[in-house]
1. Go through region 1-21 and give me each residue that's under 9 Å from THR115 (Cβ atoms) and surrounded by 14 or more Cβ atoms within 10 Å (Cβ to Cβ).
2. Just for region 57-100: of the residues that are among the aliphatic types (A, V, I, L, M) and either in a strand (DSSP E or B) or modelled with pLDDT under 95 (or both), which one is most open to solvent (accessible area, probe 1.4 Å)?
3. Residue by residue through region 30-56, note down the ones that are open to solvent by 80 Å² or more (accessible area, probe 1.4 Å) and closer than 13 Å to ASN96 by Cα.
4. Only residues that are at pLDDT below 95, closer than 13 Å to SER25 by Cα and open to solvent by less than 40 Å² (accessible area, probe 1.4 Å): list them for region 101-121, please.
5. Suppose we filter region 50-107 for residues that are among the small types (Gly, Ala, Ser) and under 17 Å from LEU18 (Cα atoms); how many remain?
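The values are calculated or read from the model by the stated rules, or taken from the named source; none is laboratory data. From a predicted model like this one, the values you see are computed outputs, not experimental measurements. So basically every Cβ, Gly included, is an ideal-geometry build from the backbone, and we count neighbours across all protein chains shown. Heads up: the accessible areas ignore ligands, DNA and RNA and are worked out on the full protein's heavy atoms, side chains in. Shrake-Rupley method; radii C 1.70, N 1.55, O 1.52, S 1.80 Å.
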Amino acid sequence: QVQLVESGGGLVQPGGSLRLSCAASGIIFSISSMGWYRQVPGKQRELAAIITSGGTTNYADSVKGRFTISGDNGKNTVYLQMNSLKPEDTAVYYCNAEVTTGWGLGPQDYWGQGTQVTVSS
């Protein structure tokens, strides 16, 4: 199977920065996309940023201009650089990957365990 391991969450003051990392491992034939979603208690999980294997990126309006997603295809790793953080960015951030595990198989969604990001003074 496929495992996603996240790191880089924590507590930061408003205006500060954090960098999240997510590494995929296991039986991987190809990865179509990797992304970061976030969720606060009582709300649905929402997309923060996503990057395709071809390098196309997409961001939620709320993070445009502040967050940057990047990937290292050779390492099956995705990063999320978060700058100018606001209290409303506080959430559990989940890594997601669309992974194909064999020839002729369709991609499946895999999720990391989540990492807490707290923006507070």
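1. If the condition is that a residue be under 9 Å from THR115 (Cβ atoms) and surrounded by 14 or more Cβ atoms within 10 Å (Cβ to Cβ), then GLU6, GLY8, GLY9, LEU20 are the ones that fit.
2. Taking region 57-100 first, the residues among the aliphatic types (A, V, I, L, M) are 60, 63, 69, 78, 80, 82, 85, 91-92, 97, 99.
If we keep only those that are either in a strand (DSSP E or B) or modelled with pLDDT under 95 (or both) as well, we get 69, 78, 80, 82, 91-92, 97, 99.
On the way: ILE69: 8, VAL78: 1, LEU80: 0, MET82: 0, ALA91: 5, VAL92: 36, ALA97: 0, VAL99: 1 Å².
Top of the filtered list is VAL92.
3. Of region 30-56, the ones open to solvent by 80 Å² or more (accessible area, probe 1.4 Å) are 41-46, 56.
ARG45, GLU46, listed by residue number.
4. Within region 101-121, none qualify.
5. Within region 50-107, the subset among the small types (Gly, Ala, Ser) is 53-55, 60, 62, 65, 70-71, 74, 84, 91, 97, 102, 104, 106.
Remaining after also requiring under 17 Å from LEU18 (Cα atoms): 62, 65, 70-71, 84, 91.
The total comes to 6.
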